[in-house]
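Participant: After the structure tokens below, expect a handful of questions from me.
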Ligand SMILES: Nc1ncnc2c1ncn2[C@@H]1O[C@H](COP(=O)(O)OP(=O)(O)OP(=O)(O)O)[C@@H](O)[C@H]1O
Ligand SMILES: [Mg+2]
């Protein structure tokens, strides 16, 4: 019977709360990462992303709320050994070589990973020729690459990456993107926290946006970005016409280009109606271009509007 049940989500959390002194770092945060799903955790500095991640992994004790990590309590070593984690700030023993760091972490996870596979893992993060070098002499980006290898080496079912590319060069960032997509294809779930929104937009299925410790928005990329916009190059826009533009949706203006967010559901009629009315108001319409809001613009909009009830 049990074998027929669908596997538990990679992580499930509900009502997580954490205070440090009088400051609330995380306030009533709930979300789920399904098996094989890539979830992006976004938000400004101090929003509570790292604190949330640490509670998910049983590294920080929540003041309230519950976590199930691969179907078990987060403090259970059995579930933790199947999780790969790249912390935000870390230092490996500087006297060990890269290969030794990996061997140590494989032993700690209690998983039998052959040396050949460990070496492949170093190659995957671009450190194949540095396996025998001491970590103390590694550059910042090389240390982060090693951290990634550590997160991936013990065949995890769930990988948590807290800013995996903050120190990486553009090539390294592209490698991480491919890595995440490879994990996803293998059915490994990934929780990715990054300030590089373009990166998140390319690899994540769903996004949770934290602001001041609370979930400000969450949903699939298509839900969050579903809203479309239209760019119009206009002249002769008098206040009446500008009010008509603003009545359609949020309006931005750069020179003679006006960008209007289109209302949900009424997209088909919104643009021709708008153009017809603008012409009626004496506006000269030079160009009308469809556009899609980027995750970055959406994120800024959500953060500026504040937390939604
Ligand atoms: N160990 C701690 N002691 C005291 N305060 C803490 C501690 N850890 C986190 N905080 C506070 O909790 C809040 C959230 O911090 P957190 O590290 O979770 O933010 P973050 O979203 O990861 O930010 P960043 O993008 O800068 O990494 C901050 O106000 C921080 O000062
Ligand atoms: Mg952080």
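Every number in this text was worked out from the coordinates using simple rules, so none of it is lab data. Note that the coordinates shown come from a computational prediction; the quantities given were computed from them, not determined experimentally. Reconstructed Cβ throughout: ideal geometry from the backbone, glycine too, with neighbour counts over all protein chains shown.
Participant: What's the angle, to the nearest 10 degrees (0 to 90), between helix 267-280's Cα axis and the longest principal axis of the chain?
Facilitator: Taking Cα atoms only, the helix is inclined about 40 degrees.
Participant: Here is a further query. From the helices alone, meaning DSSP H stretches of at least four residues, give me the mean residue ellipticity at 222 nm for the chain, per-run term -39500 (n - 2.57), in deg cm²/dmol to the nearest 500.
Facilitator: -10500 deg cm²/dmol
Participant: Let me ask another. Using only the Cα atoms of region 1-151, what are the Rg and Dmax in Å?
Facilitator: 17.5, 53
Participant: Multiplying the sequence separation of residue 276 and residue 251 by 0.36 nm and subtracting their Cα-Cα distance, what value in nm do you get?
Facilitator: Gain on extension, residue 276 to residue 251, equals 7.2 nm.
Participant: Rounded if a/c is under 1.5, else prolate if a/b is larger than b/c, else oblate: which is region 25-107, with a ≥ b ≥ c the root eigenvalues of its Cα gyration tensor?
Facilitator: Because a/c hits 1.5 or more and a/b exceeds b/c, region 25-107 counts as prolate.
Participant: Given the options 46, 219, 116, state which has the largest fluctuation in a GNM of the chain using a 10 Å cut-off (strictly under) for Cα springs.
Facilitator: 116
Participant: Where the eigenvalues come from the Cα gyration tensor of region 227-292, what are the semi-axes √(5λ) of the equivalent ellipsoid, largest first, in whole Å?
Facilitator: 17, 12, 11
Participant: Using only Cα atoms, find the angle between the long axis of helix 239-248 and the longest principal axis of the chain, and express it within 0 to 90 degrees, rounded to the nearest 10.
Facilitator: 40
Participant: Between region 35-82 and region 120-163, how far is it from one alpha carbon centroid to the other, in angstrom?
Facilitator: 22
Participant: Now for a different question. How far is it, in nm, from the label point at residue 133 to the one at residue 167 when both lie 7 Å from their Cα along the line to the Cβ?
Facilitator: It is 1.3 nm.
Participant: At 0.36 nm per residue, and after removing the present C-alpha to C-alpha distance, how many nm does the segment from residue 91 to residue 107 gain when stretched out fully?
Facilitator: Result: 3.9 nm gained on full extension.
Participant: Would you list 289, 199, 277 from fewest to most Cβ contacts within 10 Å?
Facilitator: Ranked by crowding around the Cβ, least crowded first: 289, 277, 199.
Participant: Can I ask one more? Could you tell me how many degrees, from 0 to 90 and to the nearest 10, lie between the Cα long axis of helix 115-124 and the main elongation axis, the longest principal axis, of the Cα atoms of the chain?
Facilitator: 30
Participant: Taking only the C-alpha atoms, wrap a convex hull around the chain and report its volume per residue in Å³ as a whole number.
Facilitator: For the chain, the hull spanned by Cα atoms encloses 173 Å³ per residue.
Participant: For region 171-259, how big is Rg over Rh, using alpha carbon atoms and the Kirkwood form of Rh?
Facilitator: 1.15
Participant: Rg and Dmax of region 70-202, using alpha carbons, in Å: what are they?
Facilitator: For region 70-202, the Cα radius of gyration and maximum Cα-Cα distance read 14.1, 40 Å.
Participant: Could you check the spin-label model distance between residue 23 and residue 155? Points 7 Å from the Cα along Cα→Cβ, value in nm.
Facilitator: 4.2
Participant: Just to be sure I understand: of the beta bridges DSSP finds with both ends in region 2-220, what percent are antiparallel, rounded to 5?
Facilitator: Bridges in region 2-220 are about 55 percent antiparallel.
Participant: Which one, 44, 170, 87, has the greatest fluctuation when you compute a Gaussian network model over the chain with C-alpha springs under 10 angstrom?
Facilitator: Result: 170 has the largest fluctuation of those listed.
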